[in-house]
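Here is the structure we will look at, set down as structure tokens.
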Amino acid sequence: MISVVIPVYNGEQYLNSCLNSVLASSFRDFELILVNDGSTDGTLQICQEYAARDHRIRLISQENAGVSAARNRGLTACRGKWVVFVDADDLISPDFLGLIAREEDQDLLLFDFARTAEELTAAKPVPAARHFSRENVPELLRTLMMRLPLEEGRNLNFVSPCAKAYRRALLDRCGIRFSPELFYGEDKLFNTEFLTRVEHCTYIPAPVYYYNLHPDSSSHHFNPRLPHNLVRLLEQLRDTLEASGMFAPLERDFYSWALERLSYTMVWSVFCPENTDSRSEKRQFCRDLLDSELYRAAMKYNRSTGHWVRKTLLWLIQLRWYFAAGLLARLWHGYLSWKKRR
């Protein structure tokens with residue numbers, strides 16, 4: 001049996017389409033666990049109606065605690081051999097669960113995202129699978145860390161927990177769960193923790209999952225909690241890699257990604273035009289960052305990796321030229337915002 005976990009928060013606009021796509025699966029031996037995360041719209045009623053119509057659907061309701069807590073709640077209720085995560089505004093292909101059921105001695109199955117919803121139902125042969133063993137884990141971790149393609153021209157998103165199947169026994173045995181204290185990067189941490197435990201992994205480059213990017217979605221927006229969230233994420237990622245013995249071969253990649261994320265938080269949070277913190281508060285965060293061991297270790301790679309804007313921005317902060325760093329960050333913020341609107 002396959003367990004499909006769908007966390008839902010105020011998803012009434014898209015939830016029917018999502019649930020219908022799961023229920024249209026050609027493979028029928030699955031359970032569908034809906035976790036209503038304190039919705040305040042008509043989501044709960046929709047969940048109740050579907051649960052009443054199909055015995056495979058189980059509904060769990062909780063007070064609003066975030067997507068990580070909702071997924072974790074769903075994990076505790078799973079009974080299947082495989083666990084699949086679906087977001088409430090997305091769609092899956094009719095053959096997704098069937099492709100999972102064909103696999104036996106694997107810990108993790110990876111699939112492609114569809115570029116259009118129509119691609120999910122288009123008749124197509126199943127591409128040849130690629131198999132990975134324990135010795136390939138550093139390569140897979142590097143692909144995850146740097147968001148690299150496993151195959152050119154394909155559409156694998158290694159960071160997302162969607163379009164994947166996790167062996168539930170491994171999740172439970174190792175106690176792997178999403179971190180509720182993180183609102184950004186929790187997916188990368190979860191997949192990193194799981195991947196360090198994997199013995200066998202298979203990539204099936206079939207488009208089985210459609211990510212519904214709707215107008216109110218935004219990957220770039222101001223959040224005052226982002227800087228401290230990012231520091232916690234980097235520390236936990238490094239601890240996970242060190243505990244598994246994977247940090248040494250990935251040190252350069254980890255710190256290169258860390259520098260990208262540090263510059264990201266400078267542009268979209270610390271020096272963001274929407275940030276109302278005083279000038280002294282912004283400078284204090286920069287000073288705290290400069291004093292951190294993680295930042296000092298990462299800066300050894302600033303000259304040899306990354307985009308010139310990132311290199312310059314972090315170099316200005318290292319020199320404590322905060323006014324110049326803030327000016328560059330705001331210019332870059334303006335350029336990226338303009339580019340998004342085009």
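Could you sort 118, 139 by their accessible area in this structure, using a 1.4 Å probe and putting the largest first?
118, 139
Once you have the Kirkwood Rh of region 257-340 from its Cα pairs, apply Stokes-Einstein at 25 °C and 0.890 mPa s and quote D in µm²/s.
Rounded to a whole number, D works out at 191 µm²/s.
GNM on the chain, C-alpha springs below 10 Å: top fluctuator among 192, 312, 43?
312
Considering only Cα-Cα distances, which of the following residue pairs are longer than 30 Å: 81/340; 311/340; 164/300; 188/300; 124/164?
Exceeds cut-off: 81/340; 164/300.
Assigning unit charges at the beta carbon (Lys, Arg +1; Asp, Glu -1) and nothing else, what dipole magnitude in debye, to the nearest 20, does the chain show about its Cα centre?
Using only the charged Cβ atoms, the result is roughly 1120 debye.
By the scheme Lys and Arg +1, Asp and Glu -1, what is the net charge of all other residues having a beta-carbon under 11 Å from that of residue 325?
Within the 11 Å Cβ shell, the charges total +4.
What's the magnitude of the charge dipole for region 290-342 around its Cα centre, counting Lys and Arg as +1 and Asp and Glu as -1 at the beta-carbon? Answer in Debye, nearest 20.
I would put it at about 380 debye.
Expressed in nm², what is the orientationally averaged projection area of the convex hull enclosing the Cα positions of region 87-238?
The number I arrive at for region 87-238 is 10.0 nm².
Mind running the shape call on region 76-132? Use the C-alpha gyration tensor, a ≥ b ≥ c as the square roots of the eigenvalues: rounded below 1.5 for a/c, prolate if a/b tops b/c, oblate otherwise.
Because a/c hits 1.5 or more and a/b fails to exceed b/c, region 76-132 counts as oblate.
Aspartates and glutamates within cross-link reach of residue 282: Cα-Cα under 12 Å, excluding same-chain residues under 8 positions apart?
Within reach: none.
What's the carbon and sulfur percent of the chain's accessible surface, probe 1.4 angstrom, rounded to a whole number?
In the chain, the share of accessible area belonging to carbon and sulfur is 50 percent.
Net charge near residue 182: determine it from the other residues with C-beta under 13 Å of the C-beta of residue 182, scoring Lys and Arg +1 and Asp and Glu -1.
Cβ neighbours under 13 Å give a net charge of +1.
Under a 1.4 Å probe, what is the accessible area of region 1-107 per residue, stated in Å²?
Per-residue value: 40 Å².
Three principal axis extents, largest first, for the C-alpha atoms of region 202-284, in Å?
Principal-axis extents of region 202-284 (Cα, largest first): 50, 38, 16 Å.
Build a GNM of the chain with springs between Cα atoms under 10 Å: which of 288, 112, 37 gets the top mean-square fluctuation?
It is 288.
Mean projection of the alpha-carbon convex hull of region 1-101 over all orientations, in nm²?
Average of the hull's projected areas for region 1-101 equals 5.4 nm².
Assign one of three labels to region 63-102, namely rounded, prolate or oblate, based on the Cα gyration tensor with a ≥ b ≥ c the square roots of its eigenvalues; rounded applies when a/c is under 1.5, prolate when it is not and a/b is larger than b/c, and oblate otherwise.
In terms of gyration-tensor shape, oblate.
Stick to the Cα atoms of the chain, pair each with every other, and give me the Kirkwood hydrodynamic radius in Å at one decimal.
Hydrodynamic radius (Kirkwood, Cα only) of the chain equals 21.5 Å.
Going by a ≥ b ≥ c, the root eigenvalues of the Cα gyration tensor, does region 196-342 fall in the rounded group (a/c under 1.5), the prolate group (a/b larger than b/c) or the oblate group?
oblate
The values are calculated or read from the model by the stated rules, or taken from the named source; none is laboratory data. Predicted model only: the values in this text are computed from it and were never measured. Ideal geometry is used to build each Cβ from the backbone, glycine not excepted, and the neighbour counts take in all protein chains shown. Quick note on the areas: whole protein, heavy atoms, side chains included, nothing else; ligands and nucleic acids left out. Shrake-Rupley method; radii C 1.70, N 1.55, O 1.52, S 1.80 Å.
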